[in-house]
Ligand SMILES: [Zn+2]
Ligand SMILES: [Zn+2]
C-alpha cells in the first residue's frame, strides 16, 4: 500500500519543536505536509504571515496547509486561501454564548495520554451543557465550511465530551450523522487523528457509510513517528485507502 499523505504536522512556526527545514527532510520517510496553527501568537497572525509561511515552506519542497482555529481565527482573504495547498479546520475551544468559553486543553491532554484523569469530567456529565456544546459545534463547523472553505475537519470529536470516555454515549448517533453530513455535502475530509485517537470507530464507520472522504493527521509537534494508531483505527473501521484525500483533493475553496 502506498503511504497515505499526512496533512497535519506542526513546525516551530507555531507550537511544534521542529524547523521547516527539518520537516522538509522527513518527507522522504513518509509523505507529509506542514500545517501550523492559525492564528498563532506573533508568527501567524495575518494574511501576510500566512503568505510568508507558504513561501518559506514551499521553497523547501513542502506542501503547506494551516490548522485554522474554528470559531477564533479571523477570515483569510480568498487569495491567501488559494495560496495554501489545504486548510484544516479544528476546534480547540468553543464559545457557547458571548464570553462563555469552554477550553479543550485539559480534555486534549487527557486524550493524548498526558494526564491520567480528566479532572473536569463531572461538569461535562451535565446533559444540558453537553447538548449546548454539540449544537454549537455544528454551527462553528458549518461556518468553517461555508465562510472559510476548510477542506479537512481536524480531530472532529476531540473535546471534553470525548474525554468522558464513551464517545458513543456523549455523541448521539443522530448528532454524529449531522456533523458527517455537513462534511459530506461539502466534500470536506474527516481527519483520522493519531495524537488524540479520534474520531472513534463507530463515527468513522458511520462516516464511511454516508459517503465521507478522510484525511490522515498525525498532529505531531515533535519528530515524525509511524502512524501505528491511525492504521489500527483505519483497519478497525474498515476504511478504504481510496477514500483518503491527497493535498490535490483537499484544495481550499
Ligand atoms: Zn488541533
Ligand atoms: Zn494540530
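Only the coordinates and a few stated rules stand behind these numbers; no lab work does. The structure presented is a predicted model; accordingly, all values stated were derived computationally and were not measured. Neighbour counts run over all protein chains shown; Cβ positions are idealised from the backbone, glycine included.
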What full-extension length gain, to one decimal in nm, is calculated for residue 174 and residue 223 as 0.36 nm per residue of separation minus the Cα-Cα distance? 13.8 nm
How many nm separate the modelled label positions at residue 122 and residue 55, each set 7 Å beyond the Cα in the direction of the Cβ? 5.4 nm
Which of 188, 54, 29 ends up with the largest GNM mean-square fluctuation for the chain, with Cα atoms connected below 10 Å? 29
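With N set to the number of residues, divide the alpha-carbon radius of gyration of the range 54-118 by 2.2 N^0.38 Å and report two decimals.
On the way: Rg = 15.8 Å, N = 65, 2.2 N^0.38 = 10.7 Å.
So the range 54-118 has a normalised radius of gyration of 1.47.
Counting helices only, and only those DSSP H runs with n ≥ 4, report the 222 nm mean residue ellipticity of the chain as the sum of -39,500 (n - 2.57) divided by its residues, in deg cm²/dmol to the nearest 500. The partial results should precede the final answer.
On the way: 10 runs with 92 residues, N = 253.
Result for the chain: -10500 deg cm²/dmol, rounded to the nearest 500.
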Convex hull of Cα atoms in the chain, direction-averaged projection (nm²): 12.6 nm²
Computed log₁₀ I(q)/I(0) - Debye formula, equal Cα scatterers, no solvent, the range 88-218, q 0.12, 0.20 Å⁻¹: -0.41, -1.23
List, largest first, the extents of the alpha carbons of the range 151-253 along their principal axes, each in whole Å. 33, 30, 24
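Just need the relative contact order of the chain here, percent rounded to a whole number, with Cα pairs under 8 Å and 6+ apart.
The normalised contact order for the chain reaches 22 percent.
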Mind checking which of 192, 87, 184 has the largest fluctuation in a GNM of the chain, springs on alpha carbons under 10 Å? 184
Could you calculate the FRET efficiency of residue 46 with residue 253 from 1/(1 + (r/R0)^6), where r is the beta carbon distance between them and R0 is 22 Å, rounded to 0.05? 0.55
Residue 129 and residue 2 label points (each 7 Å along its Cα→Cβ direction) are spaced in nm at 4.7 nm
Take peptides 35-41, 106-112 and line them up by average Cβ neighbours within 10 Å, highest first, as a rough protection proxy. 35-41, 106-112
Quick one: divide the alpha-carbon radius of gyration of the range 109-154 by 2.2 N^0.38 Å and tell me what you get. 1.52
Pairwise centroid distance, computed over Cα atoms, of the range 1-57 with the range 168-189, Å: 28 Å
Across 133, 150, 190, the residue with the highest GNM fluctuation in the chain (Cα network, 10 Å cutoff) is 133
Quick calc, residue 101 & residue 205: beta-carbon distance into FRET formula, R0 22 Å, rounding 0.05, result 0.10
